[in-house]
Structure formats: C-alpha cells, structure tokens
Amino acid sequence: MNIFKTAAVVAGASALFATTALAASHDQVTKLRIQTHYAPETVSGKLAAQYIDDIQTMSNGGIQVEMFYSSSVVKSVETFDAAATGILDCDMTGGGYQTGKNSAFQFVGDIMGGYATPYQQLSWLYYGGGMEAAEKLYNKYGMELIGWWVYGQESFASSKPIAKVDDFKGWKFRSPPGMETKIFEKLGAKPIVMDFTEIFTALETGIIDGADASGLANNVGLGLYDLVKYANYPGFHSMPSDHLACNKAKWDAMPKAHQRIMKVAMEALALRTALTFEKKNAEAAAMLRKQGVTLSQWSPEELQKFRDVAQSTWPEFADTPEAKALVASHLAYLDQLGLVSKK
C-alpha cells in the first residue's frame, strides 16, 4: 500500500511541476524589435504587418513586437548585425545584404537565374536540405533563421527599353550588393550598389537609368513607374528570399511554444506572399499597360542567355566552404527539377 501511496505522491508532484512549468511558459512574455526594409504601404510591408499580427494573436499576447519599417533604425544592410548585437532582435530583410560577410549568404538570399517559381525555391529550403545548411551559416554569425517569404520573380524599372540581353549594355541601374553585380557586368550593364531606400531619388535625379528593386506590385507601391515607363514582366533575373532571422541568444531563451508559433507563421507568410503576388503582379501589369508603361516579356532564347551567364557565375562567387556547399545543394536540387543549364 505504501508503494502505491508513494507512486501517487510522485505522480501528483510530477503533474504539478508540469502544470507549473507550462503556466510559467504561458506567462512568459517575448518582446521583439524587428526591422524590415519594406515601407508599410507596399504589398510586402502589409504582409509583414499581417505576420506580426498573427504571431501576437496566436500567442495570446505572449509575443509582443515593436516593428520598424523602411529601415528606420539602421540601414537595410546593417539590420542583420544590429540584430546580432542586440540593437534590434530580429532582421526581416534578406540574406543577400550579408554577402560581404560570407558569399554563402548570396545562395540563401538570391541565387539568380535558378528557380522559376517561389514554390520551387521554398521546396529547396524545406525539402531539399536548405534549412539545415542555412541554419549552420546563420548560427555562425549569432543568428537563427526562422524562415523565408518569397514573393516571386522581380521586375526592373527603367527609363529605357529592356526587352533583351543587348539592352543591358551601358545600362546604369541600382543593384543590391553581391553576385548580381558580377552577372550584370558580364552582360555589359553598369550596376551601382545603393540602399533600397535611395532608389526613388536616384531615378528621379537621373543618377541611374533603372533599378532592380522588387516585384512589379512593390515597385508600383514605391512609385517607380511614376518616374520611368519601361519594365519587364514576368520577371526572370532575381527572386530574393526575404528572411526572418533573430538573435540566437534571444531565440534560444524564448519558450518553445513561441518559437513554434513564429516558425509555423513564417510558413503561412511564405504561402500568403507567393499567392498574393501572383494576383497583385498581374493586376499591376494590367494597370501599368493602361498607363502607358511598356512591359517586355523576354523570349525563351533571351532568358536562356541570361541563365547561362548567371549559372556560370555561381561557382566564381562561391569562395567559402559554406558557399560551395550551398551551391552544390542548389545545383543538385535544380537538376532534379530540370532547371540546370545544359550545354
């Protein structure tokens, strides 16, 4: 009888401990300061706001976010380090801004000339070994990758026609840092690296002929086609993986329930983003045509010329062990999808 009494006491104590621990976890509040480069009025800015609302609501207020838009605390390229050092907690820009730190970030930020749809790119992350490889890279710099949100192929904004590869010759355009500058220099363009927030003024003053900014709908939100009247649609050259990455120490200290909410909500954001932009970009294209903006759809032959140059540049840019591993992973997965350039 004493054995049963002892067992009952132990079981009761264990249940009480578990209940107390669960209650403590539920009572714990996670406060996060997150910065994105997107303006709140853009489609992506609104999607980011929806994500923040989702995680705050699903956590019943357990996750509380102070959100900063338009890179209002630090420059876009500085967001990652600001999160890693505790000035912010999370970076909601993209890995492509960190290529100066390690070229491997190019291949979690924007592989260029690779995947044809957001779904293929997300498939590599979740089912092609991408998340495991990327986590090692982010952890090396004191950050945790929470997930991606991929809005699809980008379109240019230009004051000149861009209907074929030859149109890039002498074309001065805003480029993000990284591999893109090498690719477009090979094609005869003159890429100028500048912050995302400086694009409008640079176009307005004629410092640049065009810009690689975002998808067609986001470009409309930025007002770029109020200034220039040429674009390409559908896009082909760039499909950035915007990320949410958080300070690893901050992340590790969060309740597991909060971590799960943020990661699952990122998967929802990824799907919502891809679906939203399919619709928004098509609507933007129809509207721009009515407004007299020329939209060029590239031929398969011209698209292949670009892909050949882009894919030949990947190994050149992969100059670290992490980058080489990511390129090999991408190429293996792209080969399965039939998207590797065959000579």
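Cβ crowding within 10 Å, taken as a proxy for footprinting-reagent exposure, orders 159, 44, 312 from fewest neighbours to most as 312, 159, 44.
Values of log10 I(q)/I(0) for the chain across q = 0.06, 0.07 Å⁻¹ run -0.24, -0.32, by the Debye formula with one identical scatterer at each alpha carbon and no solvent. When each of 195, 110, 212, 226 is scored by the number of other beta-carbon atoms lying within 10 Å, the sequence from fewest to most is 226, 195, 212, 110. The mean sequence separation of alpha-carbon pairs under 8 Å and at least six residues apart, normalised by the residue count of region 74-128, gives a relative contact order of 21 percent.
Which of the lysines could a cross-linker span from residue 256 if the Cα-Cα distance has to be under 28 Å and same-chain partners fewer than 8 positions apart are dropped? Result set, ordered by chain and number: 31, 46, 136, 140, 248.
Using alpha-carbon pairs under 8 Å, 6+ residues apart, how would you state the relative contact order of the chain in percent? Relative CO of the chain lands at 24 percent. Cross-link pairs exceeding 23 Å in C-alpha to C-alpha distance, out of 164/186; 186/324; 169/290, comprise 169/290. Put in line by how crowded their Cβ is, counting other Cβ atoms within 10 Å and starting with the fewest, 58, 254, 143 read 58, 254, 143. Can you give me the Cα centroid spacing of region 51-122 and region 280-297 in angstrom? Between the Cα centre of region 51-122 and that of region 280-297, the gap is 29 Å. Relative contact order, whole percent, for region 130-248 stands at 44, derived from Cα pairs under 8 Å and 6 or more residues apart.
Every read-out reported here was derived from the displayed coordinates using simple, explicitly stated rules and does not represent laboratory data. Keep in mind the model is a prediction, meaning the values are calculated, not measured. FYI the Cβ positions are ideal-geometry reconstructions off the backbone, even for glycines, and counts take in every protein chain you see.
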